[in-house]
Protein chains: 2
Amino acid sequence: MRILIIGANGTIGKKLTPHLSKKHEIITAGRNSGDIRVDITSEESITEMYKQIQNIDACICIAASGPLDNFSELTESQLLQDFKGKLFGQVNLVLLGQKYLNDNGTFTLTSGVFADIPYKGVTAGGMISGALHSFVLSASIELPRRQRINVVSPSMIEDSVKEFGHLFPGLKAVSMNELIEAYEKTIEQNISGQILKVY
Amino acid sequence: MRILIIGANGTIGKKLTPHLSKKHEIITAGRNSGDIRVDITSEESITEMYKQIQNIDACICIAASGPLDNFSELTESQLLQDFKGKLFGQVNLVLLGQKYLNDNGTFTLTSGVFADIPYKGVTAGGMISGALHSFVLSASIELPRRQRINVVSPSMIEDSVKEFGHLFPGLKAVSMNELIEAYEKTIEQNISGQILKVY
């Protein structure tokens, strides 16, 4: 398969990309690195990317995690800013990409554990992930030409415990291997509309 | 208790308001009717409302349902417009209201079944409800002064089957009584962070 990976240079992408490249042709895209430059906060940039890359069987987006927020001072405008990349960026990859992806093509998005398990300071992250889960359910019955869509919802990764573990006491970290298996499953298995909770 | 009901004049509100008024003092607010006028798409209007009404123990929002959408032509700007009232309106009632609600006060929001059960044409509605569910989880651990928050997620109401039933084949309608019990539970019982799925 010809797989487009957005965010190939992040914590997960750096491990997933070489793994998938053993069996598949990989095209990487990112804001500052990759075969193609894309800013997923821009609909024009996403459309431009799809026009440049022809014949794509899979689009995997491994978006960056959101910033921490302070609930007592949180505002709509802060939420909208946080929604821009991780929520609307990923949604736009699908809404705009449905016209470009091959028949039977598949989208894989990335949400996160805070949709289901609340921690202080991650209200925006939780809302983004909750919205993505429901979006994927909807999109799975709407997408044309037998296209599929799934979302991987990671907990904190073992590789990030040193940096973020103190913020999320009691949150079980998952291994990079488990996470890579989940992404791979969305590519290899004929599933759609699934929320793969890796926690 | 002194209960503020926003949307008291809607399908659910018209039944819930007289029911709760048997045991509680009710203040109604709405765009075009009610004791107080409020436009929940405006942060200024919400703040003005809370300043006018003092000493509130509960805020119940029964927001209108969203419009239908066409997935093949859906855009970020359409989604943002749909998010404005039902998502950000309700979120702002909490973010702004946390300063005004009494100690031990309680918020009750309204989402909907499409968060979990997808139907064609309701992608925005599903995303809004999914985001609200995760927001309520987060808010329940963030709110100050032992304030509580819950969300009622209704399926189609029996009263609406004639108008909307043909759009959602197989979707079980719920009785108005079941729904009123769910809202009442969020007021009377000492629960928080719950998604009351009435379906």
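Annotations for the structure displayed:
- Rounded if a/c under 1.5, otherwise prolate or oblate - chain B, Cα gyration tensor axes: prolate
- Label-point distances for A:E73 to the equivalent site in the other copies, using a point 7 angstrom along Cα→C-beta, read 4.4 nm when ranked shortest first.
- Of A:G89, A:Q52, A:Y119, farthest towards positive along the dipole that unit charges on Lys, Arg, Asp, Glu beta carbons give the stretch A:2-198: A:Q52
- Position A:K84, label points 7 Å along Cα→Cβ, spacing to each other copy in nm (shortest first, one decimal): 2.0
- Prolate is the label for the protein assembly as shown, because the ratio a/c of its alpha-carbon gyration tensor axes (a ≥ b ≥ c) is 1.5 or higher and a/b is greater than b/c.
- Summed residue charge, Cβ within 11 Å of B:S175's Cβ, Lys/Arg positive, Asp/Glu negative: -2
- Cβ-Cβ FRET estimate between A:T75 and A:K23, R0 fixed at 35 Å, reported to 0.05: 0.15
- If you wrap the Cα atoms of the stretch B:157-199 in a convex hull and average its projected area over all directions, you get 3.4 nm².
- Placing +1 on the Cβ of every Lys and Arg and -1 on the Cβ of every Asp and Glu, with no other charges, gives the protein assembly as shown a dipole of roughly 420 debye about its Cα centre.
- Taking the centroid of alpha carbons for each part, the stretch A:137-199 and the stretch B:24-76 are 35 Å apart.
- Shortest-first nm distances, B:I53 label point to equivalent points in other copies (7 Å, Cα→Cβ): 5.0
- Per-residue ellipticity at 222 nm from helix content only, as computed over chain B with -39500 (n - 2.57) for each DSSP H run of at least four residues, stands at -10500 deg cm²/dmol.
- Anisotropy class of the stretch A:29-131 from Cα gyration tensor, a/c 1.5 cut: prolate
- Contact order relative to length of the stretch A:1-44, as percent, for alpha carbon pairs under 8 angstrom and 6 or more apart: 36 percent
- Positive-pole candidate from A:G34, A:I6, B:L143, dipole of the protein assembly as shown, charges at beta carbon: B:L143
- B:K172-B:N102 FRET efficiency (beta carbon distance; Förster radius 45 Å; 0.05 resolution): 0.75
- Partners of B:K22 within straight-line reach, counting aspartates and glutamates whose Cα lies under 17 Å from its Cα and excluding those fewer than 8 residues away in the same chain: B:D57, B:E181, B:E184, B:E188.
- GNM remark for chain B: springs join alpha carbons under 10 Å apart, and the peak mean-square fluctuation among B:S155, B:S134, B:S111 falls on B:S134.
- The stretch A:2-198 - percent relative contact order, Cα under 8 Å, separation 6 or more: 19 percent
- Rounded to the nearest 20 debye, dipole of the stretch A:2-198 from Cβ charges on Lys, Arg, Asp, Glu: 400 debye
- Computed E for B:E44/B:Y199 - FRET, C-beta separation, R0 45 angstrom, nearest 0.05: 0.80
Any read-out appearing in this document is the output of simple, stated calculations on the displayed coordinates, not a laboratory observation. Owing to the predicted nature of the structure, the values given are computational and were not obtained by experimental measurement. Please note: Cβ atoms are built from the backbone with ideal geometry, for glycine as well, and neighbour counts cover all protein chains shown.
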